[in-house]
Amino acid sequence: MFCENSKHRLNERSDLVTRRGTRNQPPPRTRIMTTTTPVKIDITQVYDAYSGRPGCACGCRGKHTYASQHQNYASENRGYEVTDEEVNDKTVKLLVDKVQAFLDAGEKPGIEIDICEPNYIAVEIEDRRLYVIYLVH
Ligand SMILES: [Zn+2]
């Protein structure tokens, strides 16, 4: 499931889950959203917003947009520089608002919500669209 075309493997979702686990600290659990557990995305904690087709979130099927205030963090996190061209706070906010709307509405057929705090919040729509909001931690 890794993208062979990219060195940006760390943003592939399943890899994100496993790489956070260590011997002393198990990987965070993904929990499924229900309407009884409201989650509010804190936009000040968002460093990367992804929009693309499901299957791989490295960037080969969509686009990562980075928040200006966490540009350095994002560069360190992925291992090479996040350039100014990849930064757009407006787009980040737009995607956060979009994902927040899905969180507020809750899971329903065709809408899959993965909340893996504090790492990311993902929404997949009918195998066609994947949004991932990555959080600093
Ligand atoms: Zn890929």
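Assorted remarks:
- Neighbour net charge for residue 128 - beta-carbon separation under 13 angstrom, K R +1, D E -1: -1
- Likely footprinting exposure, 75, 51, fewest C-beta neighbours within 10 Å first: 75, 51
All of the numbers you see were taken from the coordinates with simple rules; none came from a lab. What you see is a predicted model, and the numbers here were worked out from it, not measured in a lab. Cβ atoms come from the backbone with ideal geometry, glycine included; neighbour counts cover every protein chain shown.
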